[in-house]
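Below is one structure, written out as structure tokens; comments come after it.
The values are calculated or read from the model by the stated rules, or taken from the named source; none is laboratory data. All values reported here derive from a predicted model rather than from experimental measurement. Here the Cβ positions follow ideal geometry from the backbone for every residue, glycine too, while neighbour counts run over all protein chains shown.
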Amino acid sequence: MTKQQRLAAIKNYIGKMPSLPTTVTKILEICNDPQTSPSDLNRIISVDPVLMGKVMKLINSAYYGLTQKVTSLVRAIIMLGINTVKNLALSTAVLGSLGSKKNFQAMNMDGFWRHSLCVGVTSKLIAKMRKVDSKSLEEYFIAGLLHDIGKIPLNNKLANDYVVAMHISDTEHIPLYQAEKSSLSINHSEVGHLIVVSWQLSHEVRDAVTYHHKVSDYAGKHKDFVYTIALANAFSNMNEIGYSGDRFPEPLDPKVYEYLGVTLEDLDEIEDLVNGEIENASIFLKLAQQ
């Protein structure tokens, strides 16, 4: 397959992906309004029985450890918070389209999603450590969860070529995104960018997906997100939590640690917490994929 054919196959795949459901689009729109209330979300979610069921399952899951079952959707939204509900809706849409085993021909699905969960959880914990506004914490989680989303079309449409790219990364001891670029003419960050733009996700998520391997090239206004997701990704790779397919990642630019005010020692201290949070947050992923 030629370079042009590979690029055409990926763009065709993305072009045929279903758009975000109307319910999810409406949720994203109203959540951008600071005046949005739980009753606003209730009106939208209550006419989508599938999403409503996921919200109720989430609030009553072990992740929240409540002693009494919640039966009211409005109360569930209030307890979860608007951003958590928004990101559950978004995750449901994204993973419903891309999270099945048929999309993973070259890479282990469970290892991939565990790595993705690790980056999401670690990003959220780093943001929390830095005392980021609590309303933004779930956005860090979703940006981390989706940072490698571009690997899925590569796994699906260019499976044999992707195995070759991973082999090149392993034998030449180079980062996977560089091996992808040299052998496929496009890397997973570039594919991820096409996806998040197509789905009109937030600029914070878009920039984190696009630049998590190229922080030195980033000149936008969402450094907090880009640097945090890059650091969380490095942490996951260093500790071999899940499997990203990247056995020889680049050392992280020191300015990331400096900018965030976070050290490797700080991350070592949260490793046990990260593993515990991954287990808890897996319910989030399971609900989204049902």
Checking Gln5 against (1) free of Cβ contacts under 8 Å to residues at least 12 places away in the same chain; (2) under 21 Å from Leu285 (Cβ atoms), the condition it does not meet: (2)
First in region 260-279 and farther than 14 Å from Ser236 by Cβ, second anywhere and acidic (Asp, Glu) and part of a helix (DSSP H, G or I), Cβ under 9 Å, 6 or more apart: Leu260/Asp224
Qualifying residue in region 165-176 (condition: buried (at least 23 other Cβ atoms within 10 Å of the Cβ) and out of contact with any Leu (no Cβ under 7 Å at 6 or more places or on another chain)): yes
Glu180 being under 18 Å from Pro249 (Cα atoms), of a type outside the set (Gly, Ala, Ser), at pLDDT 95 or above and buried (at least 23 other Cβ atoms within 10 Å of the Cβ): yes
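The rows are residues; the columns are (1) without any contact (Cβ under 8 Å) to a residue 12 or more places away in the chain; (2) in a helix (DSSP H, G or I).
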residue	(1), (2)
Leu20	no, no
Val24	no, yes
Glu29	yes, yes
Pro34	yes, no
Arg43	yes, yes
Val47	no, no
Met52	no, yes
Lys57	no, yes
Breaking point among (1) surrounded by fewer than 19 Cβ atoms within 10 Å (Cβ to Cβ); (2) out of contact with any Phe, Trp or Tyr (no Cβ under 9 Å at 6 or more places or on another chain), for Asn233: (1)
Residues that are over 15 Å from the mean Cα position of the chain (by Cα) and either loosely packed, with under 13 Cβ neighbours inside 10 Å or under 19 Å from Val205 (Cβ atoms) (or both), drawn from region 239-258: Glu240, Pro251, Pro254, Lys255, Val256, Glu258
Residues within region 237-290 that are in a loop (DSSP other than H, G, I, E, B), of a type in the set (Ser, Thr, Tyr) and closer than 25 Å to His188 by Cα, tallied: 2
Within region 191-230, considering residues that are surrounded by 18 or more Cβ atoms within 10 Å (Cβ to Cβ) and acidic (Asp, Glu), the one farthest from Pro254 (Cα to Cα): Glu204
Pick from region 1-18, criterion within 20 Å of the chain's Cα centre (by Cα) and assigned to a loop (DSSP other than H, G, I, E, B), ranking: surrounded by the fewest Cβ atoms within 10 Å (Cβ to Cβ): Pro18
